[in-house]
1. The conditions are (1) crowded, with 16+ Cβ neighbours inside 10 Å; (2) without any contact (Cβ under 8 Å) to a residue 60 or more places away in the chain, and Leu60 fails exactly one of them. Which is it?
2. Among all residue pairs at least 6 apart or on different chains, which show Cβ distances below 8 Å where the first residue, located in the range 113-127, is among the basic types (Lys, Arg) and the second is in a loop (DSSP other than H, G, I, E, B)?
3. If you go through the range 42-88 one residue at a time, how many are hydrophobic (A, V, I, L, M, F, W, C) and in a loop (DSSP other than H, G, I, E, B)?
4. Please pick out the residue among Gly86, Gly68, Gly57 that is over 20 Å from Val170 (Cβ atoms), out of contact with any helix residue (DSSP H, G or I) (no Cβ under 6 Å at 6 or more places or on another chain) and of a type in the set (Gly, Ala, Ser).
5. In the list Ala91, Ala140, Ala167, Ala175, which residue meets the criterion of being closer than 22 Å to Leu53 by Cα, out of contact with any Cys (no Cβ under 6 Å at 6 or more places or on another chain) and either assigned to a helix (DSSP H, G or I) or open to solvent by 40 Å² or more (accessible area, probe 1.4 Å) (or both)?
6. Mind listing just one residue for me: the one in the range 121-137 that is open to solvent by less than 30 Å² (accessible area, probe 1.4 Å) and more than 19 Å from Ala29 (Cβ to Cβ) and, of those, farthest from the chain's Cα centre (by Cα)?
7. Would you check if there is a residue in the range 11-23 being assigned to a helix (DSSP H, G or I), exposed (fewer than 14 other Cβ atoms within 10 Å of the Cβ) and acidic (Asp, Glu)?
8. Can Val102 be described as within 22 Å of Phe20 (Cβ to Cβ), touching a helix residue (DSSP H, G or I) at 6+ places or on another chain (Cβ under 7 Å) and open to solvent by less than 20 Å² (accessible area, probe 1.4 Å)?
Amino acid sequence: MAQPTSTFLEELMNAARGCFALLVGNRQASTWFDFSQRGLIGSLIAAVIAIGLAGFGPVLIGVPLPKGAATQSIVINGVLFVAQAGTALLALRQMGRQDGFVPYLVASNWVTLVSAVLLLLSTLLGPLGVAILALVVILALATFINIGRFIVTLTPMQIGILFVSQAVGVFLALAVVAIIFVPPPAA
């Protein structure tokens, strides 16, 4: 397990190594993440940064957004984060694997930050950005499976259950958000 680091930047660098290890299927990926309370808080900060990048990142790199779009993105991503964490907790609890929740959340939060950075880069690349978007989807799926395998040590069936529970949770959260953010009727 990663030793508590003295700075957020060091924790970020270790987590980036851990994300890469997850991506390539390295069984030692967990050694790069800090699963202590301090590491959990660091990963939550990473998730907040990722949500902020999703909302305001395009504006920071000069891509104009409609009024309120950044805030709406932040609210939607925040709701999705809560839905993902909540369904993971419920699924792991049903499997008797509550011990895996914090490690799952820590690794997932860092993967979320890496994904947010890649998605922001995809907006800079225009049509080539679509390829990066597709790559991010594939990478996210691979890292999800490897978090289940190497971080939480779930069986293939348990990984499938976790995936389905999160898909349902995110779908329901999107439905709630869609109801809340109903666009006004066209004039």
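The values are calculated or read from the model by the stated rules, or taken from the named source; none is laboratory data. Model, not experiment: these values are computed from the prediction. Here the Cβ is made from the backbone with ideal geometry for all residues, glycine too, and neighbour counts use every protein chain on show. Side chains included, ligands, DNA and RNA excluded: accessible areas come from the protein's heavy atoms. Shrake-Rupley method; radii C 1.70, N 1.55, O 1.52, S 1.80 Å.
1. Condition not satisfied by Leu60: (1).
2. If the second residue must be in a loop (DSSP other than H, G, I, E, B), no pairs are left.
3. 3
4. Details: Gly86 fails: over 20 Å from Val170 (Cβ atoms); Gly57 fails: out of contact with any helix residue (DSSP H, G or I) (no Cβ under 6 Å at 6 or more places or on another chain).
The unique qualifying residue is Gly68.
5. None of the other options fit; the residue is Ala140.
6. So the first thing to find is which residues in the range 121-137 are open to solvent by less than 30 Å² (accessible area, probe 1.4 Å), and the list is 122, 129, 136.
Restricting the remaining residues to those that are more than 19 Å from Ala29 (Cβ to Cβ) gives 122, 129.
On the way: Ser122: 17, Gly129: 19 Å.
Among residues in the range 121-137 that are open to solvent by less than 30 Å² (accessible area, probe 1.4 Å) and more than 19 Å from Ala29 (Cβ to Cβ), the one farthest from the chain's Cα centre (by Cα) is Gly129.
7. Looking through the range 11-23, none of the residues is assigned to a helix (DSSP H, G or I), exposed (fewer than 14 other Cβ atoms within 10 Å of the Cβ) and acidic (Asp, Glu).
8. no
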